[in-house]
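Input: a single structure, listed below in structure tokens.
The values are calculated or read from the model by the stated rules, or taken from the named source; none is laboratory data. What you see is a predicted model; the values in this text were computed from it and never measured. Using ideal geometry, Cβ is built from the backbone for each residue, glycine included, and neighbour counts are taken over all protein chains shown.
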Amino acid sequence: MVDPEPWVNRPHPGPRAKPLPLSAEQREAVEAALRPAKTELRIARRAQALLLMAAGVGGGDIAVLVGVHLRTVEKWKARFAGANDPVAKLADAPRSGRPPSLSRTPMVRASRPKRAGHRRTSASR
């Protein structure tokens, strides 16, 4: 995790970023999402960005620290600010489009029987 303290007080042009309100329980849930070693990278990035937003770090600095574009940070900020529970917004939103038509169970492929007596010769090429 990145220590947000030097980034909050860093001199930069423009107004200071307003901290995103995050309760102690929500902060605990975000930190718990970051702990497992098997956490997906996109969720880990969003969680780290959420903690930095809650500390009051600017969007440009968050983009540099997390390794994403500034527009992505702005989208995340709007996404988290509009939610009652920002922790629930860490996961991807459902995608639009046609649902998968095939089940995820592996299918057994039928093999074609070999034709008896057919040999390829140099003359048939």
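Could you please let me know if Val108 is of a type in the set (A, V, I, L, M) and modelled with pLDDT of 90 or more?
Answer is no for this residue.
Tell me whether segment 53-67 contains one or more residues that are in a helix (DSSP H, G or I), touching a residue at least 24 places away in the same chain (Cβ under 8 Å) and closer than 15 Å to Lys89 by Cβ.
Yes: one or more hits.
Just to be sure, is Ala33 in contact with a Ser or Thr (Cβ under 7 Å, 6 or more places away or on another chain) and either in a helix (DSSP H, G or I) or not hydroxyl-bearing (Ser, Thr, Tyr) (or both)?
In short, yes.
Go through Ala63, Ala88 for me and flag whichever is at pLDDT 90 or above and within 30 Å of Glu5 (Cβ to Cβ).
Ala63
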